[in-house]
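K.L.:
Provided herewith is a single structure, encoded as structure tokens, for subsequent inquiry.
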Amino acid sequence: MEINDNNNNIPIRLSFEDALNLTGLGKYNFGLLFVCCLLILAMYIDIFGFSVVLPSVACDMGLSTSQQGLLSAIPLIGVMISSYAWGLCADTLGRRLTLLLAMPIGMILNLAASIAPSYISLAVLKFFSASFTSSANAAGFVLVGESVPARVRGKFMLLMASATMYVQFIICVIALPITQVSFSIDVPWLSMTYRPWRLLLQVISLPGIIGVIGTIFMLESPKFLISKGKEKSSIEILKTISKWNIGTSEKTFCVESIFVEELEVQESTKKSVLVKIWNQTAPLFKPPLLKNSLILYYILLCAYMTSTGYTMWVPTMTNAFFIGGESTGKTFCEVASTAATTSNSTTAIHCDNIIKPMTLYAVICYSGISGSLNILLTFVVGPLGKKRTTILVFSIALICGIALLFVKIPIMSIVLFFVFLYVALILGNVNTYLVELNPTYLRGMATCLSVVVARGFGFFSIQLIASLLANYCTSMISGYVILVFSGLVVTFFLPPDTQQGKNKITSDLSKGNDRERTKS
């Protein structure tokens, strides 16, 4: 129902989406996008950025390959354990408040990790810093999605997702001048030596610090407020957004009442947290959702066990081609195995400049192309379809993985290695399937579980690579090629790119829920 203002003929009672559309698109939306992109970058820098300094850290602290693998994977465990907790926080306390509570602590722990004196203290601090910065994934995407008009929401989500693909690009650009400086400052009261890699960890914390400051000036999600019954506060925020975007005064924003059109499944407040978690998870693994859930999570497992596992080792493995020794006429595994064996058996005395500029340039190319391809796929997926695009990504990665076992040209080996890891580009399609094939009230849990699957198996993969790289590299790469092949086979069982299957599943599930509610 709409009530019109008799003087201006403007509806003053609108649905939330219509009211949000009236706020326009302008400075506030782009400012919020910029701030949340910085926070998301801070999270991914915390997870993957450490891989860039790993060769220097390993040299400085005399770490074995296994220790390097554990240190690289520790942030993933922090993210995996804390992701659902921050999701609950964002849904109960608010999106903005969750960011303001968690991100500053994450940044402080990040800075503390840069001056950690030992391997153990560094691992502990990175675990907790990643645990807190993971709040950006739970609250940042949702805050942006609920604060911008529907017509640009998809584009804003895509820009945020693409920003994460440029993490190593940004870090390496910053690292180029820092890693080429040689200095060593003893700090006795901290029992550590201050070297360039510590400075780099501090500098790459700046995006998160700037993002936290920016969050102070942003507003809470108006949709979150109205979902909590705070209609007046939600309208005030919409008025402020309108003022920022199109310059109108709050008095000219003539909406006096808003309502939410979509129906949401309400959980009883008397139920325990564990019961609520079970009620949100169990339907995903029961008919009619079971088949698609298993397919999508297995595809995600194949892609991210391969991609996340090796992405942590990209700088280290690439560095092996430039750090010395002859790599011509050797396969990728012969070079990587030699470097890993040397790392386990010797400790370098001079740890400055251990990361070669060519390594950083190569990683810049890897990350930059990855982000650009992710954006390109958004134009391809329309005419080609999600299923065919996913098959294409898996097929190209599979071909490059097989070739990687035999090619003996150094630059070609690096290129094939990078493209093999681009199997991660299927993430956008998988997330779209998770949204389309699941009813609204289960989508949050479905995407949350995708994070747990991706990061959990990524952690396992990093440890596996650390254990096998030195002596069983060829067999290990072959195993991952088989894994990608199995993912390709399962991809053929994805539902076709039509709405029919989705509507049937959602309708069946809704009928089941109606019956349950009738019984209760």
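The values are calculated or read from the model by the stated rules, or taken from the named source; none is laboratory data. Keep in mind it's a predicted model, so treat the numbers as computed, not measured. Cβ atoms come from the backbone with ideal geometry, glycine included; neighbour counts cover every protein chain shown. Surface accessibility is based on the protein's heavy atoms, side chains included, excluding ligands, DNA and RNA. Shrake-Rupley method; radii C 1.70, N 1.55, O 1.52, S 1.80 Å.
K.L.:
Consider only pairs whose beta carbons are under 8 Å apart and that are at least six residues apart or on different chains; among these, list those whose first residue lies in region 186-210 and is in a helix (DSSP H, G or I) and whose second residue is modelled with pLDDT under 90 and among the polar types (S, T, N, Q).
P.N.:
From residues that are in a helix (DSSP H, G or I), the pairs are PRO196/SER56; PRO196/THR179; PRO196/SER182; TRP197/SER56; TRP197/THR179; LEU200/THR179.
K.L.:
Has region 63-85 got any residue that is under 24 Å from the mean Cα position of the chain (by Cα), free of Cβ contacts under 8 Å to residues at least 40 places away in the same chain and surrounded by fewer than 18 Cβ atoms within 10 Å (Cβ to Cβ)?
P.N.:
So far as region 63-85 goes, yes, one or more of its residues are under 24 Å from the mean Cα position of the chain (by Cα), free of Cβ contacts under 8 Å to residues at least 40 places away in the same chain and surrounded by fewer than 18 Cβ atoms within 10 Å (Cβ to Cβ).
K.L.:
Regarding PRO357, is this residue touching a Lys or Arg at 6+ places or on another chain (Cβ under 9 Å) and open to solvent by 20 Å² or more (accessible area, probe 1.4 Å)? Full working, then the answer.
P.N.:
Details: touching a Lys or Arg at 6+ places or on another chain (Cβ under 9 Å): no; open to solvent by 20 Å² or more (accessible area, probe 1.4 Å): yes.
So PRO357 fails the test.
K.L.:
Something else: Is it the case that region 133-143 has a residue that's open to solvent by 40 Å² or more (accessible area, probe 1.4 Å) and within 25 Å of ASN245 (Cβ to Cβ)? I'd like the intermediate steps shown before the answer.
P.N.:
Our first condition is that a residue be open to solvent by 40 Å² or more (accessible area, probe 1.4 Å); within region 133-143, this holds for 137, 141-142.
Still in the running and within 25 Å of ASN245 (Cβ to Cβ): 141-142.
Yes.
K.L.:
Pull out all pairs, ordered by first then second residue, where Cβ-Cβ is under 8 Å, the residues are six or more apart or on different chains, the first lies in region 112-124 and is touching a residue at least 12 places away in the same chain (Cβ under 8 Å), and the second is part of a loop (DSSP other than H, G, I, E, B) and open to solvent by 20 Å² or more (accessible area, probe 1.4 Å).
P.N.:
What qualifies is PRO117/SER191; SER118/SER191.
K.L.:
Here is a further query. Looking only at helices (runs of 4 or more DSSP H) that fall completely inside region 357-440, which ones have 1 or more residues that are in contact with an Asp or Glu (Cβ under 8 Å, 6 or more places away or on another chain) and modelled with pLDDT of 85 or more? Let's see the steps before the verdict.
P.N.:
On the way: elements: 357-384, 386-404, 410-421, 427-436.
Correct list: 386-404.
K.L.:
Given the criterion over 26 Å from LEU159 (Cα atoms) and touching a strand residue (DSSP E or B) at 6+ places or on another chain (Cβ under 9 Å), identify the matching residue among ILE108, ILE115, ILE81, ILE74.
P.N.:
Going through ILE108, ILE115, ILE81, ILE74 in turn, just one is over 26 Å from LEU159 (Cα atoms) and touching a strand residue (DSSP E or B) at 6+ places or on another chain (Cβ under 9 Å): ILE115.
K.L.:
OK, next. Could you list all residues from region 109-122 that are surrounded by fewer than 20 Cβ atoms within 10 Å (Cβ to Cβ) and in a helix (DSSP H, G or I)?
P.N.:
Selection gives LEU111, ALA112, TYR119, ILE120, SER121.
K.L.:
Kindly provide the set of residues from region 302-313 that are part of a helix (DSSP H, G or I) and under 21 Å from LEU70 (Cβ atoms), ordered by number.
P.N.:
From region 302-313, those part of a helix (DSSP H, G or I) are 302-311; that's our starting set.
Answer for region 302-313, where residues must be part of a helix (DSSP H, G or I) and under 21 Å from LEU70 (Cβ atoms): TYR304, MET305, THR306, SER307, THR308, GLY309, TYR310, THR311.
K.L.:
Right, next: Among the residues of region 204-249, how many are within 22 Å of the chain's Cα centre (by Cα), open to solvent by 40 Å² or more (accessible area, probe 1.4 Å) and either among the charged types (D, E, K, R) or within 18 Å of TYR44 (Cα to Cα) (or both)?
P.N.:
Result for region 204-249: 3.
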